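> Okay, handing you the structure first.
The values are calculated or read from the model by the stated rules, or taken from the named source; none is laboratory data. This structure is a prediction, so every number in the text was calculated from the model and none was measured. Here Cβ is always computed from backbone atoms with ideal geometry, including for glycine, and neighbour counts include all displayed protein chains. Note: accessible area is taken over every heavy atom of the protein model, side chains too, but ligands, DNA and RNA are not part of it. Shrake-Rupley method; radii C 1.70, N 1.55, O 1.52, S 1.80 Å.
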Amino acid sequence: MQDVASLVTQAREGRPRAVARLISLVEGASPQLREVMAALAPLAGNAYVVGLTGSPGVGKSTCTSALVTAYRRQGRRVGVLAVDPSSPFSGGALLGDRVRMSDHASDPGVYIRSMATRGHLGGLAWAAPQAIRVLDAAGCDVVLVETVGVGQSEVEIASQADTSVVLLAPGMGDGIQAAKAGILEIGDVYVVNKADRDGADATARELNHMLGLGESRGPGDWRPPIVKTVAAREEGIDEVVEALEKHRAWMEERGVLVERRLARASREVETIAVTALRERIADLHGDRRLSALAERIVAGDLDPYRAADSLVEGLTES
């Protein structure tokens with residue numbers, strides 16, 4: 001058993017090994033998970049969470065690394081949660097993002113963690129919300145969450161981040177994707193990376209056009225900016241940071257930041273409750289109560305919705 005209080009104290013002091021152990025407890029659904037979350041709750045809520053998403057190959061890791069450099073120049077502590085595809089053999093993360101961000105490995109003001117999706121859809125690992133809280137409580141001023149890169153369905157980051165950044169690149173079909181529902185509807189800031197390639201200006205124009213279609217923004221509403229970058233050379237990254245800061249200021253001024261964080265907390269509580277209920281239902285397989293309900297459904301004495309209501313009532317009362 002880990003000494004959670006000691007780990008939290010060490011994490012607050014910036015000791016990466018303590019942060020790693022706390023995230024491992026979270027990721028492994030340790031029996032000490034509740035103790036960890038209880039210890040972290042009063043310490044979290046200060047970090048600015050930025051999500052970066054986009055199709056594979058647009059340069060998310062390179063852009064994330066460049067943002068780390070920019071924030072470190074400002075003296076901010078930065079946490080990076082890089083969600084990688086799961087290994088088909090071990091189930092662990094492939095660590096590709098951590099390799100690309102190796103330039104920051106020796107910086108005590110930066111903590112980088114790769115997490116495996118482990119089959120979770122939406123571009124994030126299931127433990128991402130708790131891992132973000134660990135980095136927040138550990139004193140990170142900014143937490144960058146880079147999603148796995150699975151395409152249009154990768155929209156879960158919008159529910160976990162304060163600000164969502166959508167990356168595109170010329171020549172990758174992103175202009176066509178802009179016309180479709182999904183990933184290109186969640187951005188607060190859009191980045192056309194690899195802007196030194198042919199077609200970057202056209203991609204930015206088409207994206208701007210698509211964002212304007214069906215727009216129902218009122219006076220003072222946020223209009224997502226489009227920033228062109230060459231992240232590999234850190235060109236345009238300061239403009240991205242400026243756009244992020246403007247969005248944060250706009251959210252704070254209008255109370256949107258608090259609303260987003262309240263919604264995020266509500267979803268997290270709901271997810272934990274539903275997961276616990278699902279686990280209790282799974283334990284019922286072979287239980288006489290479930291078999292009895294199934295028999296009544298087959299006999300036509302009961303419909304499956306009433307049976308489910310009866311099961312849920314029984315579980316919540318027990």
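> Of all the residues that make up segment 185-214, how many are within 26 Å of the chain's Cα centre (by Cα) and closer than 24 Å to Trp250 by Cβ?
14
> Still on this structure, I have one more. Would you confirm, using the coordinates I've provided, whether Thr147 is modelled with pLDDT under 90, under 26 Å from Ala263 (Cβ atoms), among the polar types (S, T, N, Q) and in contact with a strand residue (DSSP E or B) (Cβ under 6 Å, 6 or more places away or on another chain)?
Against the criterion (modelled with pLDDT under 90, under 26 Å from Ala263 (Cβ atoms), among the polar types (S, T, N, Q) and in contact with a strand residue (DSSP E or B) (Cβ under 6 Å, 6 or more places away or on another chain)), Thr147 qualifies.
> Of everything in segment 7-62, what is among the acidic types (Asp, Glu) and free of Cβ contacts under 8 Å to residues at least 24 places away in the same chain? Give them in sequence order.
Glu13
> Then there's this: Is segment 276-289 home to any residue that is in contact with a helix residue (DSSP H, G or I) (Cβ under 6 Å, 6 or more places away or on another chain) and of a type in the set (Lys, Arg)?
The answer is yes; a qualifying residue exists.
> Only one of (1) part of a helix (DSSP H, G or I); (2) open to solvent by 30 Å² or more (accessible area, probe 1.4 Å) fails for Gly75. Which number is that?
(1)
> While we're on this one: Return the only residue of Leu257, Leu262 being within 21 Å of the chain's Cα centre (by Cα) and within 21 Å of Gln74 (Cβ to Cβ).
Result: Leu257 is the single residue among Leu257, Leu262 that is within 21 Å of the chain's Cα centre (by Cα) and within 21 Å of Gln74 (Cβ to Cβ).
> Can you name the number of the only condition in (1) open to solvent by less than 60 Å² (accessible area, probe 1.4 Å); (2) farther than 25 Å from Ala29 by Cα; (3) of a type in the set (A, V, I, L, M, F, W, C) that Ala282 fails?
Going through (1) open to solvent by less than 60 Å² (accessible area, probe 1.4 Å); (2) farther than 25 Å from Ala29 by Cα; (3) of a type in the set (A, V, I, L, M, F, W, C) one by one, Ala282 breaks only (2).
> Hey, among the residues in segment 36-72 that are under 19 Å from Ser106 (Cβ atoms) and open to solvent by less than 30 Å² (accessible area, probe 1.4 Å), which one's modelled with the lowest pLDDT?
This residue is Ser61.
> Could you check, for segment 233-240, whether at least one of its residues is under 23 Å from Tyr48 (Cβ atoms), touching a Gly at 6+ places or on another chain (Cβ under 9 Å), touching a residue at least 60 places away in the same chain (Cβ under 8 Å) and surrounded by 15 or more Cβ atoms within 10 Å (Cβ to Cβ)?
No, there is no match, as no residue in segment 233-240 is under 23 Å from Tyr48 (Cβ atoms), touching a Gly at 6+ places or on another chain (Cβ under 9 Å), touching a residue at least 60 places away in the same chain (Cβ under 8 Å) and surrounded by 15 or more Cβ atoms within 10 Å (Cβ to Cβ).
> Do you know which residues across segment 248-266 are surrounded by fewer than 13 Cβ atoms within 10 Å (Cβ to Cβ) and assigned to a helix (DSSP H, G or I)?
Correct list: Ala249, Glu252, Glu253, Val258, Glu259, Leu262, Ala263, Ala265, Ser266.
> Can you tell me which of Val274, Val298, Val269, Val241 is in a helix (DSSP H, G or I) and closer than 30 Å to Thr69 by Cβ?
Within the list Val274, Val298, Val269, Val241, the selection yields Val241.
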